[in-house]
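J.: Structure in structure tokens, see below.
Bear in mind that the values in this text are calculations on the coordinates, not laboratory data. Nothing here was measured: the structure is a model prediction, and the numbers come from that model. Here Cβ is always computed from backbone atoms with ideal geometry, including for glycine, and neighbour counts include all displayed protein chains.
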Amino acid sequence: MISSIHPKRFTGGIHPQNEGKELSANEPLRVPPLLEKYTLPIHQNIGAPPKLIVKKGDEVRKGQCIAEADGFISVPLHAPTSGKIGDAVEIPGANGAAVPAIEILSDGADEWGVCLEPYPDWKNTDRDKLKKRIQEAGIVGMGGAAFPTHAKLSPPPEKIVDTLIVNAAECEPYLTADDRLLRDSAEKVLTGAAIAAKILKISRILVGIENNKPEAIEALSAVSEKFSAEIVPLHVRYPQGGEKQLIYALTGRKVVAGGLPMDVGCVVQNVGTLAAICEAVTEGHPLIERLVTVTGTPLVRPGNFVLRLGTPVGKALEFAGGIKGPVGKLILGGPMMGFAQSSLEVAVSKNTSGILLLAPEEVRQFEAGPCLSCGRCVDACPMRLLVSTLSKVCENERYDLAEENYVMSCLECGICTYVCPAGRPNVQHFRRAKAEINARRRKK
Amino acid sequence: MESVLVAVGVVALVGLILGVLIGFAAKKFAVASDPRIEEVAELLPGANCGGCGYAGCGDLAKAIVTSGADPALCAVCSAENVAKICAVMGVEAGAKERKVAVVYCSGDRSHAKMIAQYNGLNDCRAAASLHGGGKGCRFGCIGLGSCARSCPFGAIEIRNGLAIVHPETCVGCGKCVDICPRKLIRLVPAVSKGHVYCNSLLKGPQKKKYCSIPCIACRKCVKAAPEVFNPQGFLVRAVKPELVDAELVKSAGCPTGALQTVEDHLALGQAAGKEKEGAA
Amino acid sequence: MPSSEWLLITVGAVLVNNIVLSRILGICPFLGVSKKIKTALGMAGAVIFVMGIASFATSVLYHLMLSAKISIRIGSFQIQDLDIAFTKILIFIVVIAGLVQIVEILLQKFSPALYGALGIYLPLITTNCAVLGAAELNAASGRSILASTVYGICSGVGFGLALILFASIRERLELSRIPKMFQGTAIALITAGILALAFMGFSGLVK
Amino acid sequence: MKREEGKVRLPPEGTLILSSSPHIRTEDSTRKVMLLVILTLIPAVLASVWFFGLHALRVVIYCMAFCALFEYLWCVLAKTKSTLSNLSALVTGLILALNVSPLTPWWLCLAGAFIAIVVAKQVFGGLGQNPFNPAAVARVAMLVGATGPMTTWMDPAPGAVFGLADKVDAVASATPLAAAKAVAGNAAEIAYYNSWDFLWNAFLGNVGGSLGETSALAILIGGIALIALRVIHCYIPLAIFVTITVFVWIVNLASPGLTPGPLFHLLTGGVMIGAFFMATDMVTSPVTHLGGVVFGIGIGVIVCVIRIWGSFPEGMSFAILIMNALVPLIDKMCYKRPFGWHPSSINILQPRRGEIK
């Protein structure tokens, strides 16, 4: 049912001129053929990396656990297909630093191994059992943060949580994976939401979705009665999908800087995560594949794909028909917050929401001209930071001043850089400042 | 004449009254301070490089006097000044070995292969989290000059995309060592006349993919002087750098040129560097 | 004195005849202690305090001097009814120097941080022509003791205003890419010049 | 379809671009912003040519050319990349031209351009670094240094340049502001400046003054266009107008006949061009909206004080410069805390004292 909530408008934000969603939104979901080799990065979650429990030459089945969770803030890793374990290798991670990975040589059978026991009757299943299942299935926040979901669903007893927010805003331009998922399997997402709500012992489910996805809203409202979820269409405004902005839009509550959503009684889950929860609970399937938007004008057939974890980016681009024109940039994630890549060996991991190619003429390079103090960044910053000053401060490496000017609140959403007429690489400045300040804090 | 005398008298009177007042105030509100702090601070170089770990030369002077920090903590300070500080403090001066910074990379633009074009902040640490600024080798010098800018003594030059330390100007304060995101720079004894200018831990063929001057761990140098060089994985390091001299470098005959003399490294990209200097 | 007179003294001292920007007095601490707003605030406070006290003290002395006629007789040497007002500059300097010394000692005792930040500029208030200038201007315009004190304080406020404005601009300048040859005092003087130009707009407000 | 089966390859060495997010940007650029400012000033230039003929055009060309020249010379001498292409020097030159009399001699334009470009801008590090509006600095310096030529005005001759009226080229005595100031306190004389007849002429620009001071209408058109194009926000000009209106209204209530009414003050002198084009100069104005309002109020008050009680008839440039000096402080004071900021978050955002040195 469409909610009667009147969404609040957060300060700042932008409406990108070119959303680029039409490239992939209307293409049907495609399931690419099995690859011969998957290169699975081992550390795909925030927190402790899982511990490998297989060695080279071991036979594994699809869905078999190959690395065990190491602690509470950690999740296991599962084989994306059946086959043999290959070499332990190093591949470039999203930020270019080498990350350990393990090769899995497919045997082509793609047979499920001993699966987790499904709980079709999850409504009458113990909460702790469900929570444990979510960890066993290796589920992390699939919107980008990769924070273990079971930890997010375990608020400390002193926090009172009353609202589950389903983040279907998908405000990043070009990306349509969540849109596609909702159009095709809204019921799965809402089932996942209901399971999460049961774990949290709450009944209020709000679905925040930007109103540029009418088909998805329709699909959602068709099944929402059943789960008593409220669908709230939101203005198209980046970063509507930012956790703090979404909570404010839907509930009017403000998450204190440095605080967590559960401080204001909310838990936010991405639609992809909820679909994965549904599969893990009702079918017993661990997280071994995800929806990825492979798009960009240089591609022959952009669209949304069900990609196994460990699929190299180069292969994903081949699934999308290959490259037809010159490429200026290869990006993992969306154009606003994604990471530029220099290698095709980067593998799809649990938080890869998109693979984007930009043509050279679409790439506008940073010029790092002088700041005009025009204040557009200040107007547009969703965190209401004094960006122009911060940018100059960081340029001069005055990190003490940067800290005084609240650089630690920066979301790195990229808006200040998007609107800057002088083409200053603000986000990169702030990232550096944050890294530097964190390093100094650790030192003390 | 009289007026002058009166003026002198009046001023003297006023001065006397105020003098008494000041004397009283100085006695009543006196603040004790150690004069040695200033003396020591005078002897320190005053560059405030922070290489000693204190927030500047004044801070170090205070630490030396009040909390007994090592007078030789300052790497920049000349031996005689250290001796003078020791004399001020009344302690024995120890011998001091001069060290210089060495950048363990020879991968300038003519030797290292670029795989992408970096566009962004002119800062190595920022580029390091962005695939290292486009150079194929992820161990080598990024070449955006963070170390050069951090050097209080102007001893580092960026030439043709590679940081080059001028050993005669380097005082070994170690600021660049902390700045470099690739941990390429180390302090070595200044007497050492040659180094294995490579930092990559990859296997030889992988290194060769992106660089024409890597250490491929062929161990020719180890055979030439086993007590000096020691292979660590796929990289050879001088364990006794003070023993490396030009002759040894020559006799080792490094096939790629990773092991070279300090002079040769200094001459890297000389021609290209000149061109750039003219333009700047 | 009518209230409008007080207004004239205040506005005149703070804005129109600003001791730094219009009378160009006290430039040394103006350029020296204006790198940070925080120290500028401290310096402004110190100057207001010193100027107020110095104006008061010098004014009292000056009025005493005006009324006192000195007669001295030492042996055959004799002076009759000498007006000692001509020694005012000498006396003012001594008095101000002494006062500043006391302020310095007190500051070192009670606010070492501010003392450290002001550094050499605190003793320099001693020879700060702004303080002496205020005292001289008071004497020249024949103000009463109260008016002199108010003028001294307002001149101090004017100095503080200029100093804080200047410091805020310099804090901003610290973040800009000033060509090497203009860095430091050069750009500070240019900025001060433009600021003085701007303050010329107030001329004529107080006749 | 052969390509589809082929292996995907990255573009050749060095053409793939690596940069930090975001990877898309607006089409806006500094150059575009400056171009829009120049375009929106064209009505004012046309109006000045209409009223003052080729004299006006001469001054505009001189100022713009000299500013561009100094910018170029600086870049050559300082061995930096030429910054001419961002058009900021031309904007400064154009605004400077609109700030001076149509009879300004060429050497004064040259001196003004030097002050604006070199003294007020480049020595501070160039575009974006100057704390004071270059054109305002130049105007004030010229006014103080060469009072004679800077206060030699010309009577308007509408359309003379197109032969629609007789060419007069007469040297006028004073601008309306100076004339009104001369008769301050004389209620009967002041009344003339409140008449609709006079105000209408002032609105159209049929009065003496500098190029940009005459036609309030032309500036208004440009200013509104500038706001509509979202180059500037309306806060600063609005705050200036409202403050002047209220201030003058109160003064008129308190002592009638001291000065003409609010409309006179809005339509004459440099208020219009100052409010729309000089006070809103991005570099030298506060970045926040609230700061803009404070900035505008300050300018309004100072302008009125100088005009009514000061010795200069016009105080717009002075007011802008004084408020420019206050901008860093205003920016500090008027900044609201970040979204979701709360006293309890201070520990996370800021280091505890002593924790980080």
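J.: Region D:72-146 to region A:309-375: how many Å between their Cα centroids?
T.: 43 Å
J.: I've got another one for you. Using the crude model of +1 on Lys and Arg Cβ and -1 on Asp and Glu Cβ, and no other charge, please compute the dipole size for chain C relative to its Cα centre, in debye to 20.
T.: 460 debye
J.: Per residue of A:95-102, how many C-beta atoms from partner chains lie within 10 Å of its own C-beta, taken as a mean?
T.: Shielding by partners across A:95-102 averages 3.
J.: Let me ask something else about it. Taking neighbour Cβ counts within 10 Å as the exposure measure, how do B:Val4, A:Val267 sort from fewest upward?
T.: So the residues, fewest neighbours to most, are B:Val4, A:Val267.
J.: So, in region A:221-355, how many Lys pairs have Cα atoms under 18 Å apart, if the pair is 8 or more places apart or on different chains?
T.: Qualifying lysine pairs in region A:221-355: 4.
J.: Could you give the dipole magnitude of chain A about its Cα centre, charging the beta-carbon of Lys and Arg +1 and that of Asp and Glu -1, in debye to the nearest 20?
T.: Using Cβ point charges on Lys, Arg, Asp and Glu, chain A gives about 1120 debye.
J.: Let me ask another. May I ask for the angle, rounded to the nearest 10°, between helix D:216-228 and the longest principal axis of chain D, with both axes built from Cα atoms and the value confined to 0 to 90°?
T.: 20 degrees
J.: OK, next. For chain B, which longest stretch is free of loop sites, where a loop site is one of the GluC sites (Glu not before Pro) that DSSP puts outside H, G, I, E and B and that has at most 13 other Cβ atoms within 10 Å?
T.: Counting only loop sites that pass the neighbour cut-off, the longest clear stretch is B:1-91.
J.: Would you work out if chain C is rounded, prolate or oblate? Take a ≥ b ≥ c from the square roots of the eigenvalues of the alpha-carbon gyration tensor; rounded if a/c is under 1.5, else prolate when a/b is larger than b/c, oblate otherwise.
T.: prolate
J.: Note down the relative contact order for region D:54-126 as a percent, whole number, built from C-alpha pairs under 8 angstrom at least six residues apart.
T.: 45 percent
J.: On a C-alpha basis, how far is the centre of region D:237-306 from the centre of region B:167-207 in Å? Whole number, if you could?
T.: The two parts, judged by their Cα centres, are 62 Å apart.
J.: Per 0.36 nm of contour for each residue apart, how much would the distance between B:Ala12 and B:Ser78 grow if the chain were fully extended, relative to their Cα-Cα spacing?
T.: 18.8 nm
J.: Efficiency by 1/(1 + (r/R0)^6): what FRET value for D:Leu46 and A:His6, r their Cβ-Cβ distance, R0 = 56 Å, to the nearest 0.05?
T.: In this case the efficiency is close to 0.70.
J.: Apply the a/c threshold of 1.5 to the C-alpha gyration tensor of region D:30-149 and tell me whether it is rounded, prolate or oblate.
T.: Oblate, because a/c is 1.5 or more while a/b does not exceed b/c.
J.: Average projected area of the Cα convex hull of the protein assembly as shown, in nm²?
T.: Projected over every direction and averaged, the Cα hull of the protein assembly as shown covers 63.7 nm².
J.: Let me ask you something else. Filter chain C for me: DSSP H helices, axial length by Cα at least 24 angstrom, mean Kyte-Doolittle hydropathy not below 0.0. List them by residue number.
T.: C:37-67, C:88-110, C:145-173
J.: Output the peptides B:176-182, A:384-390 sorted from most to least packed, where packing is the average of other Cβ atoms within 10 Å over each peptide's residues.
T.: So the peptides B:176-182, A:384-390, ranked by packing, come out A:384-390, B:176-182.
J.: Out of B:Val222, B:Val14, B:Val91, any idea which swings most in a Gaussian network model of chain B, alpha carbons joined below 10 Å?
T.: It is B:Val14.
J.: Separate question: Helix D:88-98 sits at what angle to the longest principal axis of chain D, using alpha carbons and giving 0 to 90 degrees rounded to 10?
T.: With rounding to tens, the tilt is 10 degrees.
J.: Run through all the Cα pairs of region A:237-277 and give the fraction in each 10 Å bin from 0, expressed as whole percent.
T.: 29, 51, 20
J.: Here is a further query. Modelled label-to-label distance, A:Lys159 and A:Asn95, 7 Å Cα→beta-carbon offset: nm?
T.: So the label points at A:Lys159 and A:Asn95 sit 2.4 nm apart.
J.: Count, for each residue of A:421-434, the Cβ atoms from other chains sitting within 10 Å of its Cβ, then give me the mean as a whole number.
T.: Mean partner-chain Cβ count within 10 Å for A:421-434: 5.
J.: Report the extension gain between B:Lys183 and B:Ala225 in nm, rounded to one decimal, defined as 0.36 nm multiplied by the number of residues separating them, less their alpha carbon distance.
T.: Once the chain is fully extended between B:Lys183 and B:Ala225, it gains 12.5 nm.
J.: Starting from the Cα of A:Ala145, step 7 Å along the direction of its Cβ; do the same at B:Leu266; then give the gap between the two resulting points in nm.
T.: For A:Ala145 paired with B:Leu266, the spin-label model returns 5.5 nm.
J.: If you build a Gaussian network model of chain D, linking Cα atoms that sit under 10 Å apart, which residue out of D:Leu16, D:Leu211, D:Leu321 swings the most?
T.: Between D:Leu16, D:Leu211, D:Leu321, it is D:Leu16 that shows the largest mean-square fluctuation.
J.: Follow-up question, since we're still on this one. Please report D:Thr268, D:Thr288 as a ranked list, fewest other C-beta atoms within 10 angstrom at the top and most at the bottom.
T.: Going from sparsest to densest Cβ surroundings: D:Thr288, D:Thr268.
J.: Suppose R0 equals 25 Å. What FRET efficiency, 1/(1 + (r/R0)^6) with r the Cβ-Cβ distance, do B:Lys27 and C:Ala113 give to the nearest 0.05?
T.: With a Förster radius of 25 Å, E is 0.60.
J.: Could you tell me which helices of chain B pass both thresholds, a Cα extent of 20 Å or more along their own axis and a mean Kyte-Doolittle hydropathy of at least -0.5, with helices taken as whole DSSP H runs?
T.: Helices meeting the criterion: B:2-28.
J.: Say R0 is 60 Å: what FRET efficiency, to the nearest 0.05, do D:Leu290 and B:Lys203 get from their beta-carbon distance?
T.: So, using R0 = 60 Å, E works out to roughly 0.50.
J.: With θ set to phi - 60° and the Karplus curve 6.51 cos²θ - 1.76 cosθ + 1.60, what are the ³J(HN,Hα) couplings of region B:167-184 in order, to the nearest whole Hz, using x for Gly and Pro?
T.: Couplings: x, 6, 8, 5, 10, x, 6, x, 5, 5, 4, 6, 6, 4, x, 8, 6, 8 Hz.
J.: Separate question: Using a basic spin-label model with each label point 7 Å from the Cα along Cα→Cβ, how many nm lie between B:Ala87 and A:Phe72?
T.: Label at B:Ala87, label at A:Phe72, 6.3 nm between them.
J.: Per residue of C:173-186, count partner chain C-beta atoms within 10 Å of its C-beta, then hand back the mean as an integer.
T.: 5
J.: Follow-up. Viscosity 0.890 mPa s, temperature 25 °C: give me the Stokes-Einstein translational D for region D:204-357 in µm²/s, with Rh taken as the Kirkwood radius over C-alpha pairs.
T.: 144 µm²/s
J.: Helix D:30-52 versus the longest principal axis of chain D: what angle, 0 to 90°, nearest 10, using Cα atoms?
T.: 10 degrees
J.: Would you please classify the overall shape of chain A from the alpha carbon gyration tensor, given that a ≥ b ≥ c denote the square roots of the eigenvalues, rounded means a/c under 1.5, and beyond that prolate means a/b larger than b/c while oblate covers the rest?
T.: In terms of gyration-tensor shape, rounded.
J.: For B:Asp34 and B:Arg149 in one chain, what is 0.36 nm times their gap in residues minus the Cα-Cα distance, to one decimal in nm?
T.: Computed gain between B:Asp34 and B:Arg149 is 37.9 nm.
J.: Here's something else I'd like to know. Taking chain D as a Gaussian network, where each spring joins two C-alpha atoms under 10 Å apart, which residue of D:Gly315, D:Gly269, D:Gly159 fluctuates the most?
T.: Maximum among the listed residues: D:Gly159.
J.: Related question: When the Cα centres of region B:214-239 and region A:227-280 are compared, how far apart do they sit, in Å?
T.: If we compute the Cα centre of each part, the gap is 57 Å.
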